[in-house]
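A short write-up of the structure that comes next.
The values are calculated or read from the model by the stated rules, or taken from the named source; none is laboratory data. Values in this document were obtained by computation on a predicted structure and should not be read as measured data. So basically every Cβ, Gly included, is an ideal-geometry build from the backbone, and we count neighbours across all protein chains shown.
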Amino acid sequence: MNQQPGSRRNRRTAVATDAAMVTQVRNAVLSESAPVTGARLAAAVQSTGRLLGSEGAFHTMDRVRAELQGLGPLQRFAEDPSITDILVNGPDAVWVDDGGGLQRTDLSFPADADVRALAARLIAAGGRRLDDGNPCVDVRLDRFRVHAVLPPLSTHGTLLSIRIQRQRSFTFDELVPAAGLDAPMSAALRGIVHKRLNFLISGGTGTGKTTLLGALLSLSGQDERLVTVEDSAELSPVHPHAVGLQGRHGNLEGSGSVDLAELVRQALRMRPDRLIVGECRGAEVRELLAAMNTGHHGAGGTIHANSAASVPARLCALAALAGMEAGALALQAANALDVIIHVVRTHSGRTVSEIGVLEQAGGGELTVRTALRRNGARSERGPAWEKLAGMLDRGR
């Protein structure tokens, strides 16, 4: 589930253009209240009187455009197709994740004020405000998800976390070799989709839950209608009939928000053949389980959990946010959910480590029994294999 690995080269590029000149060009462009166009940028570069040559002029224009409209000095990382995350820890520490793990770059900002200015601009572009009164904010910008935290809440200067959504989605056939899935594991995953079992993909942050979910959705029948519900749109399954809903934060006055629970209710009115919640992390779990229990088979989603066995506890915690008691949650989930697919991230990449069957134990509590687990490069059957095999044989 890795991005195609690029060479793990030093991420810093030598910047030949003088920073003072970039500032001069930027100020010249901002001095007029007109759209930032290539012609205006070129005129501003020419007005400096510097003899840069065509390459130097284009480089300066790109730098200024990035500062005004893109990610500023971080733009170069966004343009690297292997990078999924950019993490700024104050002015002196910029890290990136290229699918092979985090690595520190040599990029630095002149001062924390520059990091704060960039963060404030990005947050403002998303229609929200970052200041001392609102020191923790996240927004969605086109293909970026941006989160910022200001001091003194952050102890290392302004913190900026940027998740980059790549436009290309994996099909399941492409994912199998990338994730190192053997024949039994890949066959079980195909069967879960084809037999319309209800599932959750569990795992930690950055383990590839959304990537796997999108790949599994690509196995859905071409005549099926997929409706996805997400806090911020990331899923883009390779499928001819997929539509999506995404949540909305409140405006600067705090009104106008639309949460995932409301979106799940709206999605049920849209004639979904498959209802997908990108990440269950709140009261929407009640709505999803209710949908699964009322004939919406083949539904799925993701959930943060450290292991497949810890998913029941996580579900209980989320259900409590929706006012559900543990007993009610156990009854709902045991009848609604069929399997848990757990993903992990290792030194060699992201992969599926386990497929488990969700059950209600004798005492009424939820439990997950292992049906298939990864052991080295191969998978082996667990105690719940026969039950999973029966599900894959008869379907929902």
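So here's what we get for this one:
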item: Selected residue [surrounded by 22 or more Cβ atoms within 10 Å (Cβ to Cβ), on the phi > 0 side of the Ramachandran plot and in the same structural domain as GLY208 (by TED's automatic domain parsing)] from GLY278, GLY298; result: GLY298
item: Residue list for region 319-357, restricted to those being modelled with pLDDT under 90, assigned to a strand (DSSP E or B) and either among the polar types (S, T, N, Q) or not assigned by TED's automatic domain parsing to the domain that holds LEU275 (or both); result: THR346
item: Subset tally (residues that are more than 14 Å from ILE86 (Cα to Cα) and polar (S, T, N, Q)) for region 107-149; result: 1
item: Test: ALA309 is out of contact with any helix residue (DSSP H, G or I) (no Cβ under 9 Å at 6 or more places or on another chain), of a type in the set (A, V, I, L, M, F, W, C), surrounded by 15 or more Cβ atoms within 10 Å (Cβ to Cβ) and assigned to a helix (DSSP H, G or I); result: no
item: Qualifying residue in region 358-371 (condition: outside any loop (DSSP other than H, G, I, E, B) and free of Cβ contacts under 8 Å to residues at least 24 places away in the same chain); result: yes
item: Residue match in region 206-216 (condition: over 15 Å from LEU175 (Cβ atoms), assigned by TED's automatic domain parsing to the domain that holds ARG265 and surrounded by fewer than 19 Cβ atoms within 10 Å (Cβ to Cβ)); result: yes
item: Those residues of region 367-382 which are within 30 Å of ALA326 (Cα to Cα) and among the small types (Gly, Ala, Ser), in sequence order; result: ALA371, GLY382
item: Leading residue by the ranking (nearest to ILE192 (Cα to Cα)) among those in region 217-265 that are surrounded by fewer than 20 Cβ atoms within 10 Å (Cβ to Cβ) and of a type in the set (Val, Ile, Thr); result: VAL238
item: Qualifying positions in region 343-375 - crowded, with 20+ Cβ neighbours inside 10 Å, under 20 Å from VAL176 (Cβ atoms) and of a type in the set (S, T, N, Q); result: THR351, SER353
item: Test: residue in region 380-389 that is within 27 Å of the chain's Cα centre (by Cα), in the same structural domain as GLY206 (by TED's automatic domain parsing) and not in a helix (DSSP H, G or I); result: no
item: Region 246-257 residues that are at positive phi and part of a loop (DSSP other than H, G, I, E, B), paired with ones that are of a type in the set (Gly, Ala, Ser) and modelled with pLDDT of 65 or more (beta carbon under 7 Å, 6 or more apart); result: GLY256/GLY250
item: Criterion (within 26 Å of the chain's Cα centre (by Cα) and closer than 17 Å to LEU189 by Cα) met by exactly one of ARG396, ARG374, ARG314; result: ARG374
item: Of residues in region 177-208 being modelled with pLDDT under 95 and in a helix (DSSP H, G or I), the one nearest to the chain's Cα centre (by Cα); result: ALA178
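So that you can scan it fast, the table gives a plain yes or no per residue for (1) free of Cβ contacts under 8 Å to residues at least 12 places away in the same chain; (2) within 28 Å of SER186 (Cα to Cα); (3) of a type in the set (D, E, K, R); (4) touching a Pro at 6+ places or on another chain (Cβ under 6 Å):
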site	(1), (2), (3), (4)
GLU279	no, yes, yes, no
GLY282	no, no, no, no
LEU337	no, yes, no, no
HIS342	no, yes, no, no
GLY349	no, yes, no, no
SER353	no, yes, no, no
